[in-house]
Amino acid sequence: MKTRVVADFSDLPIHGFRSASVTWWGTLAFMLIEAAGFALVIAVYLYLMNLAAIWPIDAPKPNLLPGTLVTVILLVSAIPNYLISRWAEREDLRKVRVGMVLMSVLGTVPLAVRAFEFPALNVNWDTNAYGSIVWALLGLHTAHLITDLVDTLVLAALMFTRKGNTSRRFGDVQDNAMYWNFVVVTWLPIYGCIYWIPRL
Amino acid sequence: MLAPAAVLMLAGCAGWQSVIDVQGASAISIKQLIILFVAVCSVVWAMVMAVLIRALWQEREERGRPADLDPQTERRMTRAVIAATAMTVVILTAFTTASFFTTRALSLANHDDLTIKVRGQQWWWSVEYLSPSEQRLQTANEIHIPVGRNVRLQLEGADVIHSFWVPNLAGKQDLIPGRPNTLTIRAERPGMYRGQCAEFCGLQHAHMAFFVIAEEPAAFERWVNSQQQSATDPSDADVIAGQQVFLSRPCAACHTIRGTSATGTTGPDLTHVGGRKYIAAGLLETTRGSLAAWIADPQALKPGNNMPMVPLNADELRSVSAYLASLK
Amino acid sequence: MNEAKPDTRDSELAPPALAAALAETWRTPAGLWGVLAAVDHKIIARRYIITAFVFLALGGVLALLMRLQLAQPEARVLSPDRYNQIFTMHGTNMMFLFAVPVLEAIGVYLVPLMVGTRNIAFPRLNAFSYWIFLAGGALLWIAFVLDMAPDVGWFAYVPLSGPQYGTGKRADVWAQMITFTEIAALAVAVEIVVTVLKQRAPGMSLDRIPLFVWSMLATSFVVIMAMPAVIFASTSLILDRLVGTHFFNPAEGGDVLLWQHLFWFFGHPEVYIIFLPAVGMVSAIVETFARRPVFGYLAMVMALIATSILAFGLWVHHMFVAGLPRLGQSFFTASSMSIAIPAGVQVFCWLATLWDGAPVFRTPLLFVIGFIVTFVIGGLTGVMVASVPFDTQVHDTYFVVAHFHYVLIGGAVFPLLGGIYYWFPKITGRMMSETLGKWAFWLIFVGFNLTFFPMHILGIAGMPRRIYTYQPDMPWYGLNMFVSISSLVLVAGFLVFFVDAIRSARVGASAAENPWDAPTLEWATTSPPPSYNFAQIPVVNGLSPLWDQPACLMVASGLRTDRRELIVSTVATAKPQVREASPRDSIWPFWAAVATSVMLIGSIFTPWAVVWGSVPVAVALIGWFWPKATPEDEL
Ligand code: HEA
Ligand code: HEA
Ligand code: CUA
Ligand SMILES: [Cu+2]
């Protein structure tokens, strides 16, 4: 087919941040999938609760301490997470490196506390449907914690190599920060479900 | 296509297990709804076809460049599409309303004359009459009801999900473990109506039929009275031998025959098995021969069902089937 | 920041040199390595389509076995156990391995071309998606050969599929196969959403997106919202079976109907996931062969969106006899009926297009006409079963079997076959035979109606579905025999189609760039398209670019030729934002798929497979995303 040139894009940048980057949209789409998943599991929780005569079924209420601790750590981690995203935008390599190390720590600590959360549920997954659904909720969120932690660790390592100092990597740092926010935000309704609904 | 379809429809649908040849209160009102829907939808389809044929076959001038559109034609077509959509909305509203009122009509008058518990299990039906009779009555795969009375069925799934369906009398209802359902039926005319499990329930889902027998109230009362009796003690020598076989073999561990020491509940209650029209959930008509065939090798006739083959010699087989056939 | 390296721009090269340079940059390596590492959306899509058609043929053979068994009462062709595996395999295979993948694959092929970009977004994810799909299909069919195929129906109701009654590993195979295909579908959905939102040719604002692309976008959103439900459902089923959770066990506070809610919350949208791409194809074909743009573009787009939203409000109509509260059921009757409105709007708009157009009766249009005739029947029976009282009589009978084959085959397979005839020249560079095409159409159309219309009557005559046989005293014998014989006509039609496709791919007449004089961008490049799709990115300023400017395509210049560059543009107006790099071929998606498959299949047998299996998965993913020293990765 004959063609006629009507525009020239030589001057376009070769990397875009946020909504100008496809990775950002991809991350968003995956967050939408996972949010749908979380919403659904919470719906199942409420569904089973509605069916049960008493809730929790045959089990003491979960202990508040470890879960609340995780909540606090996650909320605190949102602050450096916000900062690191800004540093990445400014492509400040030194600060981003420090921030990534900090975020690696702030990703590991809640995971360690999480290990105490499971026993604090006071019920096993195979005790009854209540046990099954709270383990599922907690397990699902833990899987997200682990995924993001691995991502953070790899990215942190990458930032210390020669390949770290590119716009593309800084974009990755931002996307990673966005995903961490998602992990924090989705925890709040799950926390409410697991620990506070049985206390209502 | 419509005319032959209609003929086929009428020809193919008479008789047993038909949605169209209806004798029960709810099935009758559903049939009217079905006719309404099918008629209206046939007209809708015919209209769409008419427009399609006209669109494909009309004479027309050459179109200019494909992208050029005539604003006047576009406006006319917009009006036509809006009108058709409006008509669709009207028809759908009518359908929704009609089906709503039919649903309301289906919940028959709120008093029930009789309550029967039906438990579906892989792959037969246990039937227990709860009220009004003081003495409970237990049978299987065959439900007798009085004509013109509301009969309330309590439907329970014993193992997996089954579905209770006698199309000539009423629509279906599932039997779900952990979630009892109820269904009220009323037969308007005496007769024998075939039903069949309608939810896939494993290997022998295909052979999980049952019968509803609607009788005049007097006949029904007689049936109830006879069913409440224990099994009559045999007098014939052959039959006595059959009873011995039955009670001494594993049979008694799974089946109940009231009035004997057989009190198993894994299989159907056999107290009056000889009086039932069919055995093994509609598989065979009840005769001495079919009973013998069944007992000789249930797995060949209904592969996978939960009754094992109990090895019996020819004499034992003959006498035990004679005994069971005698249990009217 | 790095120094900008000297680079080559397309504006500096004459057309042949440009083509050579782009071909070098975008080429997929030869040999086995190239096969495993390819990320070209066209290569992946072609594989996907061929694999899915193989599954169609296999599923069709299963259907024939069922028809053989059902032709006569108390036939002994198949044992009940085999029959149950076969109908389960047939339904599962047709839905999860044929219908959904084939339609998504056509989207993977066409969407980047139609929006005028050079590759799909996340091409490596695309490659991964294919391998995962293949592994899921292989899992199901290998299990079938080993007599371990699921036997619980394509919606695997508990408790029949639960730990107590579903013994062996059969139900686990089913549940895990679901996870495979859903991961694959989700990956494709994400790619398509991002491709459509962010990689459209400059100037292709929202109101200039071809209807097929709109339908793929709508479908992808439905996939994203619906698939998590079935993934959670099948995972909790496996957990119930493997580690003793009690999600579906009423004795311990679980619930049997919870399964049905979860499954149909996905399962109903699933049928629109199949249907929506098909209507997109219908729009494309109608437009080209009626020789005018589809009437009512805006109404069509709104109908697609309305269908996708309403699709989530209907699931209970599959559970009308489960004993849910009556008020709730009436609501679902109303919502199910209301989905007929967007469906009607689309039918009316196609009719209007044909009415005002000048139809050219080539094979693709024939299939579309066949689609309108049969889909409307299927849609109308859908409206019938949407009525609660009506449904209590025909639910789980052959009436429903007839309904869904009318909408699935009439509503989706007919457009698909039309679409294959239509796009075959673009995909292979060769035309299919018009003569064989007409034969295929008539055999399939007549065979289809003769096979499936009588099933309505069988349902009304009380024949339940999923029975491996029926007794001689039931009045179903004649019609069943008739149906079975008619299905041979249908199969003959499919055989003609297969023969035509295979033959034409080798020796068909070679196709021009735009053999049908169609209006959309995929026809603005050679047939088949080069690896880079377009030598220069098209610029769009109308809904039908090739009709608006038939003589000459408007393009943009200034992209680099030494790295894989494409244009990222804004969501609403498609203003160019970035010259983005598109990833190169990579072996890692293949390894990631292998690792994921090992983990998922292992988890059928032991929960520890998830723990140990996640290590290789993580390794593969790190390899996948680790930056390489390629021009795509600079800056
Ligand atoms: C491509 C797939 C597809 C499509 C498009 C549809 C479309 C529809 N389906 Fe169907 N359906 C299935 C696939 C599909 N279905 C499958 C696979 C099952 C069975 C699953 C199983 O059990 O195995 C099923 C089962 C099923 C049931 C459950 C039945 C049961 O199990 O008892 C119901 C109930 O409401 C239903 C309803 C509808 C409705 C209302 C539509 C509507 O979208 C139809 C709308 C279209 C039209 C109405 C025609 C065009 C409109 C006009 C020409 C306007 C004029 C119309 C009027 C005035 C009415 N479907
Ligand atoms: C898109 C989906 C799709 C398609 C295309 C089909 C196609 C067909 N189906 Fe399918 N069917 C379903 C989806 C589909 N079905 C589903 C979801 C169920 C429910 C399952 C369940 O209950 O769980 C079902 C159930 C179902 C039943 C009910 C079983 C039962 O309840 O017991 C029957 C019975 O007749 C049937 C028949 C057929 C027939 C005759 C075809 C024919 O159209 C097939 C035509 C033949 C071919 C397409 C093959 C042609 C090719 C060859 C012969 C080989 C050539 C090979 C090469 C060249 C390599 N189907
Ligand atoms: Cu019981 Cu089907
Ligand atoms: Cu549906």
Label zone at B:Ile35, where the point sits 7 Å out along the Cα-to-Cβ direction: the range C:373-412 residues whose backbone N lies under 16 Å: C:390
Stretchable slack from A:Phe17 to A:Asn124, in nm (0.36 nm times residue separation minus alpha-carbon distance): 34.0 nm
Farthest positive-ward along chain A dipole, Cα basis, beta-carbon charges - from A:Val44, A:Gly139, A:Ala29: A:Ala29
Size of charge dipole - the range C:488-635 - debye, nearest 20, with Cβ of Lys, Arg +1 and Asp, Glu -1, no other charges: 260 debye
Where a label projected 7 Å from the Cα of B:Met192 along Cα→Cβ would reach, residues of the range C:464-488 with amide N under 19 Å: C:471-476
Long-range HN-HN contacts of B:Asn306 with modeled amide H, under 5 Å: B:Trp123
Selection from C:Phe289, C:Ile444, C:Ser510, by position along the positive dipole direction of chain C (Cβ): C:Ser510
Inter-chain Cβ neighbour average for residues A:122-134, partner chain, 10 Å: 5
Point-to-point label distance, C:Asp517-B:Ala46, nm (Cα→Cβ direction, 7 Å offset): 3.9 nm
Cα-based shape type of the range B:272-328, given that a ≥ b ≥ c are square roots of the gyration tensor eigenvalues and the cut on a/c is 1.5: oblate
Dipole moment magnitude, nearest 20 debye, the protein assembly as shown about Cα centre, only Lys, Arg, Asp, Glu C-beta charged: 1360 debye
Inter-chain Cβ neighbour average for residues C:286-292, partner chain, 10 Å: 3
Pairwise FRET efficiency - B:Ala253 versus A:Val6, Cβ, R0 = 51 Å, nearest 0.05: 0.05
Computed label-point distance, nm, for sites A:Thr147 and C:Leu488 using a 7 Å Cα→Cβ extension: 5.2 nm
FRET efficiency estimate (nearest 0.05) - Cβ-Cβ, C:Gln164 to C:Met481, R0 41 angstrom: 0.60
Relative packing of A:68-80, C:80-92, C:19-31, which averages over residues the other C-beta atoms within 10 Å, highest first: C:80-92, A:68-80, C:19-31
Convex hull volume of chain A per residue (C-alpha atoms, cubic angstrom): 165 Å³
FRET efficiency for B:Ala218 and A:Leu200, using Cβ-Cβ distance with R0 set to 45 Å, rounded to 0.05: 0.15
Mean Cβ neighbour count within 10 Å, used as a protection proxy, ranking C:425-433, B:72-80 highest first: C:425-433, B:72-80
Peptide-level mean, for C:465-475, of C-beta atoms on other protein chains within 10 Å: 5
Antiparallel DSSP beta bridges within chain B, percent to nearest 5: 70 percent
Neighbour net charge for C:Val539 - beta-carbon separation under 13 angstrom, K R +1, D E -1: +2
Beta bridges by DSSP in the protein assembly as shown, antiparallel share as percent, to the nearest 5: 70 percent
Ranked packing of C:518-528, B:40-50, most packed first, by mean Cβ within 10 Å: C:518-528, B:40-50
Residue-span extension gain [C:Val615 to C:Gln549] - 0.36 nm each, minus C-alpha spacing: 18.3 nm
Within the range A:84-196: Cβ-based charge dipole about Cα centre, in debye rounded to nearest 20 (Lys, Arg +1; Asp, Glu -1): 560 debye
Sequence-distant lysines (8 or more away, or on other chains) whose Cα lies within less than 22 Å of A:Lys2: C:Lys426
Distance violations [Cα-Cα > 28 Å] among B:Lys277/B:Lys302; A:Lys95/C:Lys575; C:Lys42/C:Lys198: A:Lys95/C:Lys575
For chain C: relative contact order, % (alpha-carbon pairs under 8 angstrom, 6 or more apart): 21 percent
Proximal aspartates and glutamates relative to A:Lys61, as straight alpha-carbon distance under 20 Å, when same-chain residues fewer than 8 apart are discounted: A:Glu117, A:Asp126, C:Glu252
Helix B:25-57 axis, angle to chain B major axis (alpha carbon atoms, nearest 10°): 30 degrees
Distance in nm between pseudo-label sites at B:Ser261 and B:Glu61 (7 Å out along the Cβ direction from Cα): 10.2 nm
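The numbers here are math on the coordinates, done by the rules we state, and not lab data. None of these values were measured; they are calculated from a predicted model. Cβ: placed from backbone, ideal geometry, glycine included. Neighbour counts: every protein chain shown.
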